[in-house]
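One structure below.
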Amino acid sequence: MSSFDLQTFSLRPWAGLSAACGNKVVHPRVKYYFVRADKLRDTTATTLPALQTMLADATMRDWIIEIEMSFDDACRGKYVDEYLACSHRWLTDGTANPRRAPPDPKGVQLAAIKEHLAARPKIKYVWLDWCCMWQGDKEGQRDITVDEKAEFGRMLGDVNMLYLGCQVLVLLDLSYLSRFWTMYEGWLSRQQP
């Protein structure tokens, strides 16, 4: 057997639940943060701060909402009309410290997201990792707490639900095609319940 076990990497978070729940499959609800699409449509900013900065800023706090989602509802298509998940790679090439840099320093991806939203007025909520998950050890951002780090881990373990159940905007470039994580997101977005 291979040492690479998908369950270890939380790519199939519900796989072991039937045994744990007496063979009754229970799909937990997961809390996610989303950015309100109307705020993105209206912004004149070229880049966005991380989640913790947005929540701390009184002028941006209302950009973020918390929504609980379920795998069952995602598979039934409940979220597909109003929710958008963005699949992208971080454009940190050429920055002084790529592992700590914000993902879109020139605003290229934000411009593409805004263009996408302008053509799709039904979308109300947008999930973009930088703005919707706690960002630890990133340039210009405060450190995250132990609780925020734990919440990040829970969200990351269930992030596949977003790419299965929401509309997905793939911000594609050649490097996107060479990365496992982005290819996994793209593959998930093409699955049909």
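The values are calculated or read from the model by the stated rules, or taken from the named source; none is laboratory data. Not measured: the values here are computed from a predicted model. SASA here: full protein model, heavy atoms, side chains in, ligands and nucleic acids out. Shrake-Rupley method; radii C 1.70, N 1.55, O 1.52, S 1.80 Å.
Which value, in Å² rounded to 10, gives the accessible area of Cys166 with a 1.4 Å probe and all protein chains present?
Looks like 10 Å² after rounding.
Ranked by accessible surface with a 1.4 Å probe, highest first, in what order do Thr182, Thr44, Thr145, Thr59 come?
Ranked from most to least accessible, the order is Thr44, Thr59, Thr145, Thr182.
Which of the lysines could be linked to Lys149 by a straight reach, that is with a Cα gap under 28 Å, when you skip same-chain ones fewer than 8 residues away?
Lys31, Lys39, Lys106, Lys124, Lys138
How much accessible surface does Met133 have with a 1.4 Å probe, in Å² rounded to 10?
Around 10 Å² of this residue is reachable by solvent.
Please give the direction-averaged projected area of the C-alpha convex hull for the range 55-158, in square nanometres with one decimal.
Taking a quarter of the hull surface, the average projection is 7.8 nm².
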